[in-house]
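Report on one structure; see the data block that follows.
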Amino acid sequence: MPDQNRIQPQPGIMDIALYQGGAAHVDGVENVIKLSSNENPYGASEKARDAAIRAAHQMHRYPNTDHADLRAAIGELHGIDPDQIICGVGSDEVLQFAAQCFAGVGDEVIMTEHGFSMYPILTRSVGATPVVVPEQERRVDIQAILGAVTERTRIVFLTNPGNPTGTMLDDEDLHRLAKGLPPSVLLVHDGAYSEFVAEDVRHDFELVAAYPNVLATRTFSKIYGLGGLRIGWGHANRDLIDVMNRVRQPFNLSVVQLAAAEAAIRDQAHVSRCRSENAKMRAWLRNALTDLGIGCDESHANFVLARFADAATADACDAALKADGLIVRKAAGYGLPHCLRITIGDEPSCRRVAHVIGRFISEGAQS
């Protein structure tokens, strides 16, 4: 029986473990380099910054509620219908729309064991049950997902490229997954890192075109360097967009957010430069780590996942990095306690990471 003398939270709320963001400070260390949140080290484009400054003069005005100009810019770039786009406060809010609209008490939501840590939070927030399926060597296992589907399944959350693994499903596997799901199950393709893959990556949009039960989400927080403004968007069949717009707050994006995001997406020269620099330094850092004997899968995102012998070694390496002012992300919360996720910074940052880890390995070998 509920306690009649106190307010009771909805089912699932108290089962939520609070999300832990990447650290930004180290006690006693100044001038740290933050490589824990997969932020773009080159920042937002100058055009986006200028647009935000100009828009600040209109902060006393309510923004438009339909995000028409931003949706048009997104549609123009990607060749998709603006009416099949919904915008949110980061792609997290679009993921929240999906959970809120399509799952509830008694339902199940599938995610993989090393998937984005917001998925179980969003699932429990609507009273649904998270169903976690195993991966194979840090890669999504399509058969494991399909084998976990029951009559209670409502959503499958998929990060591609993966976070924190950096691994990626190819087009054939994506279509095999989408085709194998019942049409009543929503497949959410979370493409927060898609822009780091290739200039013409469109696997998520092709899924939307081929299957009416797919939602593709993207963000301005990563390659566009607008994490501090929180802007994301989703692309899906018009019927799904119409449902989600019914729970979207009408003024969820400010005039500054809308102006900066539109300017950012129209400055593809900046995006191309960031993609190129990231690819170069990602390959360099991965090679440096593997040369030190540290396991590191090929990554398709703006980070690498360094694998150590055990959790104690990973923790010790993390402490060595912090002592040198380098903040990376321990991956224990993702079920990978022996791993560190390292954001790809600029060249000096990457070289410094490799140097400190190399010194840590050398000192360990000598002790």
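The values are calculated or read from the model by the stated rules, or taken from the named source; none is laboratory data. What you see is a predicted model; the values in this text were computed from it and never measured. Glycine also receives a Cβ, built like all others from the backbone with ideal geometry; neighbour counts cover every protein chain displayed.
Set side by side, the residues C274, C339, C317, C296 differ, and just one is over 21 Å from G162 (Cβ atoms) and surrounded by 15 or more Cβ atoms within 10 Å (Cβ to Cβ), which is C317.
When segment 312-337 is filtered for residues that are in contact with a Gly (Cβ under 9 Å, 6 or more places away or on another chain), outside any helix (DSSP H, G or I) and closer than 23 Å to M111 by Cα, only R329 remains. Among the residues of segment 58-77, just one is buried (at least 18 other Cβ atoms within 10 Å of the Cβ) and within 16 Å of E206 (Cα to Cα), namely I74.
The set of residues from segment 84-99 being over 16 Å from the mean Cα position of the chain (by Cα) and either without any contact (Cβ under 8 Å) to a residue 12 or more places away in the chain or closer than 9 Å to G232 by Cα (or both) comprises just one member, I86. Against the test of being over 30 Å from V255 (Cα atoms), touching a Leu at 6+ places or on another chain (Cβ under 7 Å), outside any loop (DSSP other than H, G, I, E, B) and not aliphatic (A, V, I, L, M), the options R124, R154 yield a single qualifying residue, R154.
Of the set (1) touching a Leu at 6+ places or on another chain (Cβ under 6 Å); (2) assigned by TED's automatic domain parsing to the domain that holds S36; (3) over 20 Å from P161 (Cα atoms), all apply to A306 but (3).
When each of L229, L187 is tested for being surrounded by 17 or more Cβ atoms within 10 Å (Cβ to Cβ), farther than 19 Å from A73 by Cβ and more than 12 Å from the chain's Cα centre (by Cα), the lone residue that passes is L187.
When the residues of segment 342-367 are filtered to those that are polar (S, T, N, Q) and buried (at least 17 other Cβ atoms within 10 Å of the Cβ), the one that is farthest from A306 (Cα to Cα) is S349.
So, in segment 99-120, of the ones that are farther than 19 Å from T165 by Cβ and touching a Pro at 6+ places or on another chain (Cβ under 9 Å), which residue ends up surrounded by the fewest Cβ atoms within 10 Å (Cβ to Cβ)?
Quick first cut of segment 99-120, residues farther than 19 Å from T165 by Cβ only: 99-109.
Adding the requirement that they be touching a Pro at 6+ places or on another chain (Cβ under 9 Å) leaves 105, 108-109.
Details: V105: 11, E108: 20, V109: 28.
The selected residue is V105.
Report yes if some residue within segment 164-174 is over 21 Å from the mean Cα position of the chain (by Cα), assigned to a helix (DSSP H, G or I), modelled with pLDDT under 95 and in the same structural domain as G234 (by TED's automatic domain parsing); otherwise report no. Yes. Restricting attention to segment 58-83, the residues being aliphatic (A, V, I, L, M), under 23 Å from the mean Cα position of the chain (by Cα) and outside any helix (DSSP H, G or I) number 1.
Does A55 satisfy the criteria of being part of a loop (DSSP other than H, G, I, E, B), among the aliphatic types (A, V, I, L, M) and surrounded by 16 or more Cβ atoms within 10 Å (Cβ to Cβ)? Before you say what the answer is, go through the steps one by one.
Details: part of a loop (DSSP other than H, G, I, E, B): no; among the aliphatic types (A, V, I, L, M): yes; surrounded by 16 or more Cβ atoms within 10 Å (Cβ to Cβ): yes.
Criteria not met by A55.
Suppose the filter is among the small types (G, A, S), surrounded by fewer than 23 Cβ atoms within 10 Å (Cβ to Cβ) and either farther than 20 Å from N237 by Cβ or without any contact (Cβ under 8 Å) to a residue 24 or more places away in the chain (or both); does A144 pass it? Judged against the criteria, A144 is a match.
Please verify whether segment 308-321 includes one or more residues that are closer than 26 Å to I223 by Cβ and of a type in the set (V, I, T). No: zero hits.
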